[in-house]
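A.B. asks: Got a structure here, written out as structure tokens. Questions coming.
The values are calculated or read from the model by the stated rules, or taken from the named source; none is laboratory data. What you see is a predicted model, and the numbers here were worked out from it, not measured in a lab. As a convention, Cβ positions derive from the backbone with ideal geometry for all residues, glycine included, and neighbour counts pool all protein chains shown. These area figures cover heavy atoms from the full protein model, side chains too; ligands, DNA and RNA do not enter into them. Shrake-Rupley method; radii C 1.70, N 1.55, O 1.52, S 1.80 Å.
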Amino acid sequence: MTEEAVTSDIAATDDDTLTQDEREDLEETSSHVSRIVYSSQDFDVDGLVRRVKQGDIVIPRFGSSSEDIETAGFQRGFVWRRPQMDKFIESLLLGFPIPGVFFVRQKDKRYLVLDGQQRLETLRAFYDGKHAGQLFILKHVSDEFKGLSYEELEPSARRLIDNAFIQATVVDTDGTSKSLNSVYQIFERLNSGGTQLTAHEIRIALYAGGIVAFLEDINRQAEWRKLYGPRSSRLRDQELILRIIALFLRADEYSRPLKGFLNDFMADYRRAEGSDLTEAATLLRKAADLLLQGPGPESLRKNSRQVNAAQSEAIFVGLMRRIKSADPDISPAQVSEAVKILREDEQFDDATGFSTADPFTVDSRLEIATAKFAEI
């Protein structure tokens, strides 16, 4: 299979459906869950829109790396279609009950949207009279409101929507890892319905900071992109980079659940500081170049068009360890030979195909890969 065929096929498989591994990671229970402090508060719609425009309520952008937002970016991009937006506005105009929203109140007293982005973005757009560069005029509604903008509503209708109340559950955080972990636990429990977020999509929101930009910088590297294929809309490529680096630096500390291990790593390296992190990034790039020149994109795949995360992380960590060793010289041809041996190894096959998050399995595949690259 050519590289072009591999990458084309991969693009077709990277959809919104969670993989089995991702679903298991989300569902796996953490050993300790901290309690949180929260309260309920009613906001009138006019007040909500005003606070959003002033920046007192922040609708975070997915994957934000802003360090002054303690829990930024929980949501994916705006995904509601116009019929959903119009129906939501019509519900307010008809006085129908509206689901509540979840906010995180951080130390600077701003409210960050944990759940409710679509509703708040819709309200702001309707009040501004524009959405996606076009006039926001109600279309998918009853004849009573069809063709109207906010400014064109009857005064009584504007008062009804302005004074409608939406209940907010407000969670307090002090910005510490313990507090952020509690917020992570909350969002995991809210993460259902339409398009569920993966553990990593929640993670990079929660631990926004330099580490997100660090991971994305590697994710843009040409050699990595040619190996992995087209960018993953669900950030699976970025998560794989995180797994490789975290296991390279802390394999001896690994324990289940995987999401907890990666969360702790992100928290500790939130500012992307440390010579060990810089060294790991350099080694990963060197390994990617050798793999690209040697076995190519299929080195990350296992009897499938999709990238196999367990196989990929083991091959990368094993090769990175070899490059860092007292005998760092290894040719692309030798890398190809080592990868060929690994893919034919029954133990390695088991360790990359079953119970892939189990500590014994993780240790097994890393040690097998490390040994094969050391022997070449």
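A.B. asks: Considering only region 118-140, state which residues are over 15 Å from Phe43 (Cα atoms) and either open to solvent by less than 10 Å² (accessible area, probe 1.4 Å) or in a helix (DSSP H, G or I) (or both).
C.D. replies: Listed by number, the residues that qualify are Gln118, Glu121, Thr122, Ala125, Phe126, Tyr127, Asp128, Phe136, Leu138.
A.B. asks: Considering region 327-358 alone, what residues qualify as being under 27 Å from Phe261 (Cβ atoms) and of a type in the set (Val, Ile, Thr)?
C.D. replies: Val339, Thr352, Thr356
A.B. asks: Suppose we filter Glu216, Glu154 for residues that are closer than 19 Å to Ile245 by Cα, of a type in the set (D, E, K, R) and at pLDDT 80 or above; which single one remains?
C.D. replies: It is Glu216.
A.B. asks: Then there's this: Just one of Asp329, Asp350 is more than 29 Å from Asp276 (Cβ to Cβ) and either open to solvent by less than 30 Å² (accessible area, probe 1.4 Å) or not aromatic (Phe, Trp, Tyr) (or both); which is it?
C.D. replies: Working: Asp329 fails: more than 29 Å from Asp276 (Cβ to Cβ).
Of the residues listed, the single one that is more than 29 Å from Asp276 (Cβ to Cβ) and either open to solvent by less than 30 Å² (accessible area, probe 1.4 Å) or not aromatic (Phe, Trp, Tyr) (or both) is Asp350.
A.B. asks: Which members of region 195-238 meet the condition of being in a helix (DSSP H, G or I), open to solvent by less than 10 Å² (accessible area, probe 1.4 Å) and either among the acidic types (Asp, Glu) or more than 27 Å from Thr176 (Cβ to Cβ) (or both)?
C.D. replies: Scanning region 195-238 gives Glu201, Ile218, Asn219, Trp224, Leu227, Asp237.
A.B. asks: Taking the stated definitions as given, is Leu290 under 22 Å from the mean Cα position of the chain (by Cα) and modelled with pLDDT of 90 or more? Before the answer, list the steps.
C.D. replies: Values: under 22 Å from the mean Cα position of the chain (by Cα): no; modelled with pLDDT of 90 or more: yes.
No, not satisfied.
A.B. asks: Among residues belonging to region 248-275 that are touching a residue at least 60 places away in the same chain (Cβ under 8 Å) and among the small types (Gly, Ala, Ser), point out the one that is nearest to Gly318 (Cα to Cα).
C.D. replies: In this case the residue turns out to be Ala251.
A.B. asks: If you scan region 145-155, which residues turn out to be surrounded by fewer than 18 Cβ atoms within 10 Å (Cβ to Cβ) and either touching a residue at least 40 places away in the same chain (Cβ under 8 Å) or touching a strand residue (DSSP E or B) at 6+ places or on another chain (Cβ under 7 Å) (or both)?
C.D. replies: Answer for region 145-155, where residues must be surrounded by fewer than 18 Cβ atoms within 10 Å (Cβ to Cβ) and either touching a residue at least 40 places away in the same chain (Cβ under 8 Å) or touching a strand residue (DSSP E or B) at 6+ places or on another chain (Cβ under 7 Å) (or both): just Ser149.
A.B. asks: Condition (residue is open to solvent by 80 Å² or more (accessible area, probe 1.4 Å), on the phi > 0 side of the Ramachandran plot and without any contact (Cβ under 8 Å) to a residue 24 or more places away in the chain) applied to region 156-171: is it met by at least one residue?
C.D. replies: No, region 156-171 has no match at all.
A.B. asks: Looking at Val45, Val37, Val6 in this structure, which one is at pLDDT 75 or above and open to solvent by less than 20 Å² (accessible area, probe 1.4 Å)?
C.D. replies: Val45
A.B. asks: Name every residue in region 86-117 that is under 26 Å from the mean Cα position of the chain (by Cα) and either at pLDDT 95 or above or not in a loop (DSSP other than H, G, I, E, B) (or both), in order of residue number.
C.D. replies: If the condition is that a residue be under 26 Å from the mean Cα position of the chain (by Cα) and either at pLDDT 95 or above or not in a loop (DSSP other than H, G, I, E, B) (or both), then Val101, Phe102, Phe103, Val104, Arg105, Tyr111, Leu112, Val113, Leu114, Asp115, Gln117 are the ones that fit.
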